[in-house]
Amino acid sequence: MKYKFRMQPQHIVTIVQQLSDGAKTKINKLKFGSMLKIKLHDFPNGLIVDLMDCCEVTPEGMQLVVGEYKIMVTPQLVKDVLGLPLGKEDVVIEIPQKMEIMDYFGITKGPKMKDDVTATDIIKQMATADMLKQVQGFFTVLFNKLLCPETTAYIRGADFNATSDDMDTIPEKNWCKYVCDKLVDSVKCWHNQKVKVTTTERFVPGCGIILLVSSF
């Protein structure tokens, strides 16, 4: 079986290198400064697949079962691993159209090219983007390639709009619960795929770093 991971933290390392000092200061003020320190270019793929298999989802929540140890995957665990804001407000996202994302970042595609936006498309715009667009670009790539990757490789509306509504309210929101819920959804999807899989290739969704770090 060949596995393709949608979590690709090297994109975070690359986009951080493109950010101005002003953009980094803004991201720190929004309580996402820990994400600027990501240095991970690679990770043990096979181990993350094993950990996804070891997760058990019940009505009470999800737990990672490693031998005799059972670790509940909770918003607090996400906080401990990633250092994201654990605010009191739930995250509510409105989904924009693809063209809105392309227009915002000034991305143009040739007539024979797909209008799907990739993380690389956004990163290429960072050198000439103003501070706020750099911050928005950082968050869009962060959610797509690290915090909430799904089976698609393209930027989703939720990646872009997660933080575009009102940036100043970002620290007040419960991003740990949002990422935790997305990870649980990814594990459910993974287990369902395992039952139905008929190909020799599988896409691995979810922020596996949370499982990896918490298993040690």
Considering only residues that are within 22 Å of C207 (Cβ to Cβ) and surrounded by 14 or more Cβ atoms within 10 Å (Cβ to Cβ), which ones fall in the stretch 14-23?
T14, I15, V16, L19
Residues satisfying the stated conditions in the stretch 200-216, i.e. touching a Ser or Thr at 6+ places or on another chain (Cβ under 6 Å) and either in a loop (DSSP other than H, G, I, E, B) or aliphatic (A, V, I, L, M) (or both):
P205, G206
Among the candidates I155, I123, I170, which residue alone is β-branched (V, I, T) and touching a His at 6+ places or on another chain (Cβ under 9 Å)?
I123
Does the stretch 88-100 include one or more residues that are buried (at least 17 other Cβ atoms within 10 Å of the Cβ), over 20 Å from the mean Cα position of the chain (by Cα), modelled with pLDDT of 90 or more and under 23 Å from D168 (Cβ atoms)?
no
Among (1) within 23 Å of K24 (Cβ to Cβ); (2) crowded, with 21+ Cβ neighbours inside 10 Å; (3) not polar (S, T, N, Q) - the single one V117 does not satisfy
(1)
So, restricting to helices (runs of 4 or more DSSP H) that lie completely within the stretch 1-113, which ones have at least 3 residues that are at negative phi and of a type in the set (G, A, S)?
none
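The values are calculated or read from the model by the stated rules, or taken from the named source; none is laboratory data. Everything numeric here is computed off the predicted structure, so don't read it as measured data. Here Cβ is always computed from backbone atoms with ideal geometry, including for glycine, and neighbour counts include all displayed protein chains.
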